[in-house]
Amino acid sequence: MIVSQRKSYEELLLHLEGLHTLFLIGCSACATACKSGGEEEVDRMEEWLMANGRQVTGSAVIDSPCNINRTARDLRDHRAQVDEADAILVMACGAGVHSVALKSGKRVVGALDTLFLGNIRRIGQFEEKCSICGACLLNETGGICPATLCPKGLLNGPCGGMEDGKCETDRELDCAWCQIYDRLKSEGRGGVFNRIVPPRDWQRKLPPGKLTV
Ligand code: SF4
Ligand code: SF4
């Protein structure tokens, strides 16, 4: 899931300068789970906008605004309200904001910051376990990602700062490379420790990503 968080109201006011009427778009998938852009948050945003002198022409919580065609369809369903607005305030990740900008032809204001691809620990608690590097090492690391869980992103570790299995950047944090070592040991294999991993091939992750299947 894509984890996102609402921008501060102070920052939003800066982005909304000169905009008097707004149409709101939320996301019924990731942003709903993160409590950053679901029905409740869209209602709260509407109240806040009105309290700050704005008019809201309407709102829609789209099923995955990252889906470009679905976003286009939902925008068509609200065409009159969208046309009436100075801008569309989008409460979705950056991919959602992009779909809305592409298909509405209107000025868009992103209300959220997109943070990371998150695993769900429990409701409302998300943790980054993969940072989408494009060249996955997990088969050699016992399913534990050093690129993400090591704050230095080291592909060969541990570093000299590790102490008693803890990370030098934060002694509360378990060193990713010690976790990898323990895991591989329990599986009876050397895995990634059998070789020196070469520097990352950044060509594998050149943005913008594109895939057709
Ligand atoms: S190595 Fe880590 S960051 Fe890269 S794809 Fe695998 S899990 Fe994700
Ligand atoms: S102590 Fe371990 S997790 Fe922390 S920076 Fe060094 S190798 Fe990475």
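Coordinate-derived values only; no laboratory data. Since we're looking at a predicted model, the values are computed, not measured. Note that each Cβ is placed from the backbone with ideal geometry, even for glycine, and that neighbours are counted across all protein chains shown.
Counting Cα-Cα pairs of segment 136-205 in 5 Å increments starting at 0 gives whole-percent bin shares of 3, 18, 28, 25, 17, 7, 2, 0. Using the Cα atoms of the chain to build a convex hull, what is its mean projected area in square nanometres? Quarter of the Cα hull surface area: 14.9 nm².
Taking a cut-off of 22 Å, what percent of all Cα-Cα pairs in segment 2-116 are separated by more than that? Roughly 21 percent, once rounded to a whole number. Of all DSSP beta bridges confined to the chain, the antiparallel ones make up roughly 45%. In this calculation the C-beta distance from LYS166 to ARG70 is compared with R0 = 35 Å, giving a FRET efficiency of 0.15. Sorting CYS145, CYS27 from the fewest to the most surrounding beta carbons within 10 angstrom yields CYS145, CYS27. Over the chain, dividing the summed -39,500 (n - 2.57) contributions of all DSSP H runs of at least 4 residues by the number of residues returns a 222 nm mean residue ellipticity of -8500 deg cm²/dmol. For ALA95 and GLN55, FRET efficiency with R0 = 22 Å and r from the beta-carbon atoms, rounded to 0.05? The formula returns an efficiency of 0.20 here. How big is the antiparallel share of DSSP beta bridges in segment 2-116, given as a percent to the nearest 5? Percent antiparallel among DSSP bridges in segment 2-116 is about 20.
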